[in-house]
Amino acid sequence: MRNINTFLILLVLSISFLHPSIADEFNDKLKKSLNNTEEPLNIKSDKLVALKKEHKVVFSKNVILKKENATISCDELTLIYDETDKEISNIVAVGNVKIVSGDKVATGDRGEYLSSTMEFILSGNPKLLDGSSIMEGEEVVVLLNDTKIVVKEPKAVYIPQKSLDKENKDQ
C-alpha cells in the first residue's frame with residue numbers, strides 16, 4: 001500500500017509543477033501519505049488475470065483505480081509484486097492513461113511507477129494540466145527522492161491566476 005500511496009502522490013506532484021506553492025503543498029501531503037497504509041486501494045475493471053509465476057496482477061478493460069483523492073483510468077493496469085514480501089514493486093498503466101486529482105489532470109499513453117528507484121514515468125504524448133496551464137513533452141519523469149520533475153523536450157503554457165481573474169472581471 002505504501003507504494004500505491006507514493007505512486008498517486010507522485011502523479012499529483014508532477015501535475016502541480018506549474019506553481020511552486022502548489023508543489024510545496026503536495027510535497028507535505030506526500031510525506032504524510034507515505035505512512036498512510038489504512039486508506040484502501042479500489043480497482044475496478046472488466047477483467048482480471050493473476051499471473052502467479054510472474055508475480056503480476058493484470059486488470060484490463062475499463063480500468064479505474066481510486067486511492068485517497070486521486071483516480072487513474074486506463075485500458076490496462078499491471079501490478080507487479082515482490083515474491084518475498086508481496087509488496088507492489090512496479091505499477092504499469094497502459095492505454096488512454098488519465099490521472100485526476102481535483103482540478104489537476106495528467107494524460108499519456110503509458111505511466112509506470114518504479115518503487116526501487118522511486119520514479120514515476122509518464123510517456124506517449126504526456127500532458128500535465130493544472131487549471132488553464134499546460135505542460136507537454138516527450139517524457140515526464142518524477143524523482144521522488146529528489147522531489148524533482150524532469151520533462152524531456154518540454155512545451156509549456158503558464159497562465160497566472162491573476163491574469164485569469166482579470167479576464168473574468170472584464171467579461
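Summary table below
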item: First in segment 132-152 and in contact (Cβ under 8 Å) with a residue 40 or more places away in the chain and of a type in the set (Ser, Thr, Tyr), second anywhere and surrounded by fewer than 16 Cβ atoms within 10 Å (Cβ to Cβ) and in a strand (DSSP E or B), Cβ under 8 Å, 6 or more apart; result: Ser133/Ala156; Ser133/Val157
item: Scope segment 69-95; condition in contact (Cβ under 8 Å) with a residue 60 or more places away in the chain and among the hydrophobic types (A, V, I, L, M, F, W, C); matching residues; result: Ala70, Ile72, Ile88, Ile91
item: Selection count, segment 65-89, where residues are touching a Phe, Trp or Tyr at 6+ places or on another chain (Cβ under 8 Å) and either more than 18 Å from Pro40 (Cα to Cα) or not in a strand (DSSP E or B) (or both); result: 2
item: Index of the failed condition, Thr147 passing every other in (1) in contact with a strand residue (DSSP E or B) (Cβ under 6 Å, 6 or more places away or on another chain); (2) over 17 Å from Lys67 (Cβ atoms); (3) surrounded by 13 or more Cβ atoms within 10 Å (Cβ to Cβ); (4) modelled with pLDDT under 85; result: (1)
item: Some residue of segment 99-109 being part of a loop (DSSP other than H, G, I, E, B), in contact with a helix residue (DSSP H, G or I) (Cβ under 6 Å, 6 or more places away or on another chain), of a type outside the set (A, V, I, L, M) and at pLDDT below 90; result: no
item: Test set (1) at pLDDT below 80; (2) polar (S, T, N, Q); (3) part of a loop (DSSP other than H, G, I, E, B) - Thr117 fails condition number; result: (1)
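The values are calculated or read from the model by the stated rules, or taken from the named source; none is laboratory data. Bear in mind the structure is a predicted one, so any value in this text is a computation, not a measurement. In this analysis, Cβ positions are derived from the backbone assuming ideal geometry, glycine residues included, and neighbour counts consider all displayed protein chains.
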